1. Compute, for Tyr83, the solvent-accessible surface of its heavy atoms (probe 1.4 Å) with the complete set of protein chains present, and express it in square angstrom to the nearest 10.
2. I'd like the accessible area for Ile106: 1.4 Å probe, protein heavy atoms, all chains in place, Å² to the nearest 10.
3. So which GluC sites (Glu not before Pro) in region 149-211 end up in coil per DSSP with only 16 or fewer other C-beta atoms within 10 Å?
4. Quick one: dipole size for region 75-179, taken about the Cα centre, charges +1 on Lys/Arg Cβ and -1 on Asp/Glu Cβ, in debye to the nearest 20.
5. Once you have a ≥ b ≥ c as the square roots of the Cα gyration tensor eigenvalues for region 119-159, tell me rounded if a/c is under 1.5, and otherwise prolate or oblate according to whether a/b is larger than b/c.
6. For the full complex of protein chains and a 1.4 angstrom probe, list Ser87, Ser132, Ser164, Ser118 by accessible area with the highest value first.
7. When the Karplus curve 6.51 cos²θ - 1.76 cosθ + 1.60 is applied with θ = phi - 60°, which whole-Hz ³J(HN,Hα) does each residue of region 154-164 get, with x for Gly and Pro?
8. Quick one: dipole size for region 134-212, taken about the Cα centre, charges +1 on Lys/Arg Cβ and -1 on Asp/Glu Cβ, in debye to the nearest 20.
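The values are calculated or read from the model by the stated rules, or taken from the named source; none is laboratory data. Treat the numbers as computed from the prediction; the structure is a model and nothing was measured. Reconstructed Cβ throughout: ideal geometry from the backbone, glycine too, with neighbour counts over all protein chains shown. To get the accessible areas, we keep the full protein, side chains included, count just its heavy atoms, and leave off ligands, DNA and RNA. Shrake-Rupley method; radii C 1.70, N 1.55, O 1.52, S 1.80 Å.
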Amino acid sequence: TGVLVNALRPEDLLKIKRELEEKKDKERKELAEEKKKEEEAPGEAQAQEAEKAPPPQEAEKADETTFADLISLIRDERDFIRYQDLSVRLKEKGEAVLMEKRLDEIFPACLVFVEHLSTQPRLADDLRTLASERLRSFLNHDMIIYLVQRLAVKDEQHRGVINSILLFAGEDAARALLDSIIDSGDAVARRNLFNLIVRFGKQVRPLVEERL
């Protein structure tokens, strides 16, 4: 080796040195490339998985059926499963309607459910149970006051059905009727309210005594 080195010219040594440096530089670059690929591999793998994965399902579309639409649909429904589904959807939408005190929109639903409780021929018991639950869920304090106010009106077209709804509401309705008849200055309104109060029978007596 010493003889070989001695036989080389200076420019040959420089050439060998350059070649060695270039070789080392190339190896360093290759190592750097490999390291870079390793670091990027997880990200690429995730990207590839994302490409392979099926596209996410579209978010379930919001129920665009209106409260009035649901009332129309449930009016003639007699299948228990479909009736139950419509009943639940009415409850969900009805909560917002009640909160916003859009009581004119709740009233048609009350008419349908009280009709289902008294329809002849009689509805199946499971449907009547759902109708009863839904009607009761709509009869909050605001709705009862709304019905009492309508009952007091001289030309109310739905007087008979409103009477049935308020009788169904029970004591809360009886209290509202008594308060209204005391506060009313109209003879016709008082008579309309009194005619219903007497139909509550004995249960109204303690409520009257409370006000004496």
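1. Solvent-accessible area, nearest 10 Å²: 0 Å².
2. Counting only protein heavy atoms, the figure is 0 Å².
3. Values: sites: Glu156, Glu171, Glu209, Glu210; in loops: Glu156.
Answer in residue order: Glu156.
4. Values: 16 positive and 19 negative charges, 26 e Å.
Dipole size: approximately 120 debye.
5. Details: a/c = 6.60, a/b = 1.65, b/c = 3.99.
Taking the square roots of the gyration eigenvalues as a ≥ b ≥ c, region 119-159 is oblate.
6. Working: Ser87 0, Ser132 30, Ser164 50, Ser118 75 Å².
Largest to smallest exposure gives the sequence Ser118, Ser164, Ser132, Ser87.
7. 4, 9, 4, 6, 9, 4, x, 6, 4, 4, 5
8. Working: 12 positive and 10 negative charges, 63 e Å.
In debye, rounded to 20, region 134-212 gives about 300.
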